[in-house]
Amino acid sequence: MKKILPYSFVLLTFICSCSKLEETPYSSIYTDNFYKTAEDAEAALAAVYTELADLYSGPSALLVPEFSADQIYPRPVVGRDTYTLFSFDPQYSAAASYSRTNESPVDIWNNCYSGIENANWLLMKLPQTNMSNATRKRQIFGEAYFMRAFYHWFLAKNFGEIVVRTKPSQTIEDAYVGKSIKADIYKQIYADLDSAEAALPAYSNTLAKGRPCKEAAAALHAKAALYGEDWAMALQEANVVLTSASGVGLLDNVLDVYDVTKEDAARRENLWAFEAESIVNGRSSQIMSLYGPPNSAAPAYGATSYGSAFAYQSFFDSFDPKDKRRQLMDTNYTNKQGVIIHQAAITPITKQGVLVRKYADKNSIGGSHATNIPILRMADVYLIAAEAAARINGASATAYQYINTVRTRAGLDGLPEGLGKDDFIAAVLQERSWELYGEGDRWYDLSRTNTFRQLVPPAVNDVYKTRSPQPRNQYFPIPQNEVNANNLLEQNPAWK
């Protein structure tokens with residue numbers, strides 16, 4: 001699907017230079033002969049989702065923000081420490097030294113814009129597609145709008161002001177577009193999510209894996225509004241989810257959210273997730289193998305693991321010991337011989353390494369795991385509602401109710417009463433840190449609130465003794481090769 005336009009130009013050149021050719025070149029792909037049938041529509045939609053799979057299987061969507069923030073750090077190899085040390089620069093390209101080629105902001109830029117392009121083609125061509133199932137056609141519209149909104153939002157939270165694209169590139173000139181201001185970016189995201197909510201079905205346990213439901217669209221709408229600083233909209237959309245009668249809700253046990261054997265039941269909380277598969281030809285992710293101990297030493301983590309990423313000791317210590325969510329980290333593990341390996345011997349690079357267990361899968365096939373990676377879940381929606389409510393009306397009883405729902409499920413007491421507005425919001429952001437760690441969320445909370453230069457708890461150790469984010473690190477620089485190729489695209493000012 002990514003090659004539709006280039007193939008069109010190749011075909012055009014070929015026909016013009018060989019005017020006597022009468023046979024149809026069936027080996028070429030071009031848009032006039034596609035998007036005709038229901039099968040074409042489903043294939044086009046699959047191309048939209050493929051870019052999401054690339055983001056999470058890489059997994060740039062997780063590693064780029066995690067290694068930038070204050071919860072998780074990498075073993076300092078293969079360039080992953082460029083995020084932890086804030087040592088990257090705008091002179092990168094997808095094949096250059098800006099970290100691993102499938103774990104970088106370049107990958108985020110490329111995958112998101114490819115997904116947007118594929119969604120734009122689908123949205124333009126679907127009205128003329130011959131489909132007898134009108135309900136499914138409507139759902140495809142909803143999924144395409146949802147994914148276009150998601151990709152634009154993902155770009156905005158990584159790069160700040162971005163290019164908004166709502167039409168496919170039918171000519172070379174279509175590719176030259178300048179950036180939009182923040183207000184216009186979020187206006188388009190909200191419009192797409194309005195369309196998605198209107199077209200998508202309500203949550204059902206029979207919904208196909210990985211497909212967004214109406215509640216997922218409302219959750220994304222609420223979260224995007226939080227980034228767009230439209231607190232009233234964030235609260236309104238969060239309440240669409242929280243008051244839904246379709247069966248969504250928190251699981252009783254937070255540990256079950258990450259239990260690979262309970263993923264079907266967990267979908268009532270995991271409103272939308274990257275559905276990892278360890279089967280042949282399935283799409284999985286590296287994340288389980290990166291978090292597990294080195295040398296595939298712990299069968300509880302998976303068949304193959306490398307010891308490439310750990311939680312900071314200071315982050316582990318920030319948890320109340322009775323917090324159930326801390327059980328998703330380990331300071332020891334049991335090896336294949338049944339011997340308990342204590343923290344000092346977990347990894348040779350530091351005696352402070354803390355293992356992360358959220359994506360463990362003891363039945364993995366090599367490094368491929370089947371543990372789903374949450375993207376939007378109910379606990380997140382409760383915390384969005386708590387923050388939005390507090391930003392509107394301060395630490396109200398309603399705002400307390402939202403956050404305490406999450407804390408109670410984690411085994412904690414409610415938040416202390418009588419907090420001022422700023423202290424309450426800070427408490428919500430801290431709760432988000434404890435609830436959503438390892439899910440690619442923390443760095444964006446720090447950057448959107450402009451608190452990224454005060455990494456807390458102190459996110460340093462004997463591997464990374466000093467970390468100094470600068471003002472320009474709030475957003476990543478736009479890939480320089482994109483700026484060079486598009487004379488209407490300007491580099492982010494702080495990176496010029």
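Taking the range 176-193 as the range and being in contact (Cβ under 8 Å) with a residue 24 or more places away in the chain and crowded, with 16+ Cβ neighbours inside 10 Å as the test, the residues that pass are Lys179, Ile185, Tyr186, Gln188, Ile189, Tyr190, Asp192, Leu193. If the condition is being within 26 Å of Asn270 (Cα to Cα) and part of a loop (DSSP other than H, G, I, E, B), then the range 155-204 contributes Leu200, Pro201, Ala202, Tyr203, Ser204. Give the residue that is farthest from Ser57 (Cα to Cα), with candidates limited to residues of the range 412-449 that are of a type in the set (A, V, I, L, M), surrounded by fewer than 22 Cβ atoms within 10 Å (Cβ to Cβ) and in contact with a helix residue (DSSP H, G or I) (Cβ under 9 Å, 6 or more places away or on another chain). Checking each candidate, the answer is Leu419.
The rows are residues; the columns are (1) modelled with pLDDT of 95 or more; (2) polar (S, T, N, Q).
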{"site": "Ile140", "(1), (2)": "yes, no"}
{"site": "Ile172", "(1), (2)": "no, no"}
{"site": "Ala191", "(1), (2)": "yes, no"}
{"site": "Asn205", "(1), (2)": "no, yes"}
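Close Cβ contacts (under 7 Å, 6 or more residues apart or on different chains) running from residues in the range 432-451 that are part of a loop (DSSP other than H, G, I, E, B) to residues that are basic (Lys, Arg) comprise Gly438/Lys358; Asp441/Arg432. Listed conditions (1) surrounded by fewer than 17 Cβ atoms within 10 Å (Cβ to Cβ); (2) part of a helix (DSSP H, G or I); (3) touching a residue at least 24 places away in the same chain (Cβ under 8 Å) are all met by Asn473, apart from (1).
Take the conditions (1) more than 24 Å from the chain's Cα centre (by Cα); (2) surrounded by 24 or more Cβ atoms within 10 Å (Cβ to Cβ); (3) assigned to a loop (DSSP other than H, G, I, E, B); Asn363 misses just one of them, which is (2). Count of the range 385-415 residues, restricted to those that are in contact (Cβ under 8 Å) with a residue 60 or more places away in the chain and either small (Gly, Ala, Ser) or outside the structural domain of Arg432 (by TED's automatic domain parsing) (or both), is 5.
Matching residues to (1) surrounded by 23 or more Cβ atoms within 10 Å (Cβ to Cβ); (2) at pLDDT below 95; (3) more than 30 Å from Arg136 (Cα to Cα):
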{"position": "Leu21", "(1), (2), (3)": "no, yes, yes"}
{"position": "Tyr26", "(1), (2), (3)": "no, yes, no"}
{"position": "Thr37", "(1), (2), (3)": "no, no, no"}
{"position": "Tyr49", "(1), (2), (3)": "no, no, no"}
{"position": "Pro65", "(1), (2), (3)": "yes, no, yes"}
{"position": "Asp89", "(1), (2), (3)": "no, yes, yes"}
{"position": "Ala95", "(1), (2), (3)": "no, yes, yes"}
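Scanning the range 456-464 for residues that are polar (S, T, N, Q) and farther than 20 Å from Ser68 by Cβ turns up nothing. Among the residues here, Ala344 qualifies as at pLDDT below 95 and assigned to a helix (DSSP H, G or I).
Whether any residue in the range 99-122 is buried (at least 21 other Cβ atoms within 10 Å of the Cβ), modelled with pLDDT of 95 or more and over 20 Å from the mean Cα position of the chain (by Cα) is what I want to check. Yes, some residue in the range 99-122 is buried (at least 21 other Cβ atoms within 10 Å of the Cβ), modelled with pLDDT of 95 or more and over 20 Å from the mean Cα position of the chain (by Cα).
Check the range 314-326 and report whether any residue there is buried (at least 19 other Cβ atoms within 10 Å of the Cβ), of a type in the set (Lys, Arg) and assigned to a loop (DSSP other than H, G, I, E, B). Within the range 314-326, none of the residues are buried (at least 19 other Cβ atoms within 10 Å of the Cβ), of a type in the set (Lys, Arg) and assigned to a loop (DSSP other than H, G, I, E, B).
Here Gln337 meets each of (1) within 24 Å of the chain's Cα centre (by Cα); (2) surrounded by fewer than 20 Cβ atoms within 10 Å (Cβ to Cβ); (3) not small (Gly, Ala, Ser) with one exception, condition (1). Kindly check whether there is at least one residue in the range 139-159 that is over 17 Å from Ala191 (Cα atoms), in contact with a strand residue (DSSP E or B) (Cβ under 9 Å, 6 or more places away or on another chain) and crowded, with 17+ Cβ neighbours inside 10 Å. Within the range 139-159, not a single residue is over 17 Å from Ala191 (Cα atoms), in contact with a strand residue (DSSP E or B) (Cβ under 9 Å, 6 or more places away or on another chain) and crowded, with 17+ Cβ neighbours inside 10 Å. When residues of the range 329-341 are filtered for being within 20 Å of Ala303 (Cβ to Cβ) and either of a type in the set (Asp, Glu) or not in a strand (DSSP E or B) (or both), how many remain? The qualifying residues number 6. Scanning the range 245-267 for residues that are surrounded by fewer than 19 Cβ atoms within 10 Å (Cβ to Cβ) and assigned to a loop (DSSP other than H, G, I, E, B) gives Ala245, Ser246, Gly247, Gly249, Leu250, Asp252, Asn253, Asp259. With respect to Ala303, determine if the residue is in a loop (DSSP other than H, G, I, E, B), at pLDDT below 95 and crowded, with 20+ Cβ neighbours inside 10 Å. No, not satisfied.
The values are calculated or read from the model by the stated rules, or taken from the named source; none is laboratory data. Because the structure is predicted, anything quoted here is derived from the model rather than measured. Heads up, the Cβs are rebuilt from the backbone with ideal geometry, glycines too, and the neighbour counts pull from every protein chain shown.
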